[in-house]
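The values are calculated or read from the model by the stated rules, or taken from the named source; none is laboratory data. Treat the numbers as computed from the prediction; the structure is a model and nothing was measured. All Cβ positions, glycine included, derive from the backbone under ideal geometry; neighbour counts span all protein chains shown.
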Amino acid sequence: MLRSLVFSLLIIFLAFTVRMYIDSFATDSGQEEMVNLLEGVTIKAYSRTGIEWTIRGKSLEVVGKDVKLYEAELFSTEANIKAVQAYIDRSTGEGMLTEGVEVKSEDITAKTQSAYINLNEGKIWGEGNVQILQGENLIRGKGFEITLKPLKVIINRARTDIR
């Protein structure tokens, strides 16, 4: 009888230990986020304003509805946009561009360190320093908004350097 009691306690202890081991791998929120990593990616996207985007990146990480691109390039007939990193919400088309953002269109070239983007509306904006080259004119400012179709640029606290 003592053997059966010790054997039963040993089985209960082992079951409890195995359960604790398995639970140690669970995430804190109870949900597991699936992460997919792709390299050398090209994606086509369309906006409400009729802009067709070709989105390229050295690598693309997908976590739920969010996309993170490294060495991102976004092309359309209206503009070419480059950034070291781009974060985009696939459901809304909104996101953030970081590290060496460059926006080139037929008429202007804009450079800043970070900017927000809305692919659906074809709009890029930010609160940081911006340099815009238009022909021979260099315009500097802090805070900007660029609408791509039709091209419209708003620069806060603008200073112009005429060459």
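Just one of 61, 52, 94 is at pLDDT 75 or above and exposed (fewer than 15 other Cβ atoms within 10 Å of the Cβ); which is it? Quick ask: steps written out before the conclusion?
On the way: 61 fails: exposed (fewer than 15 other Cβ atoms within 10 Å of the Cβ); 94 fails: exposed (fewer than 15 other Cβ atoms within 10 Å of the Cβ).
Answer to the check: 52.
Taking residue 154, is it farther than 25 Å from residue 43 by Cα and either in a strand (DSSP E or B) or in contact (Cβ under 8 Å) with a residue 24 or more places away in the chain (or both)?
For residue 154, the condition - farther than 25 Å from residue 43 by Cα and either in a strand (DSSP E or B) or in contact (Cβ under 8 Å) with a residue 24 or more places away in the chain (or both) - is met.
Give the residues of the range 146-157 that are more than 20 Å from residue 52 (Cα to Cα) and surrounded by 16 or more Cβ atoms within 10 Å (Cβ to Cβ), sorted by residue number.
Within the range 146-157, 153, 155 qualify.
Among the numbered conditions (1) at pLDDT 85 or above; (2) in contact with an Asp or Glu (Cβ under 8 Å, 6 or more places away or on another chain), tell me where residue 151 comes up short.
If we test residue 151 against (1) at pLDDT 85 or above; (2) in contact with an Asp or Glu (Cβ under 8 Å, 6 or more places away or on another chain), just (1) comes out false.
Quick check on residue 123: is it surrounded by fewer than 17 Cβ atoms within 10 Å (Cβ to Cβ), of a type outside the set (Val, Ile, Thr) and free of Cβ contacts under 8 Å to residues at least 60 places away in the same chain?
So residue 123 fails the test.
Give the residues of the range 81-122 that are under 20 Å from residue 157 (Cβ atoms) and part of a strand (DSSP E or B), sorted by residue number.
Within the range 81-122, 101, 103, 109, 110, 111, 112, 113, 114, 115, 116 meet the criteria.
What is the one condition in (1) buried (at least 16 other Cβ atoms within 10 Å of the Cβ); (2) at positive phi that residue 74 does not satisfy?
Only one criterion in (1) buried (at least 16 other Cβ atoms within 10 Å of the Cβ); (2) at positive phi is unmet by residue 74, namely (2).
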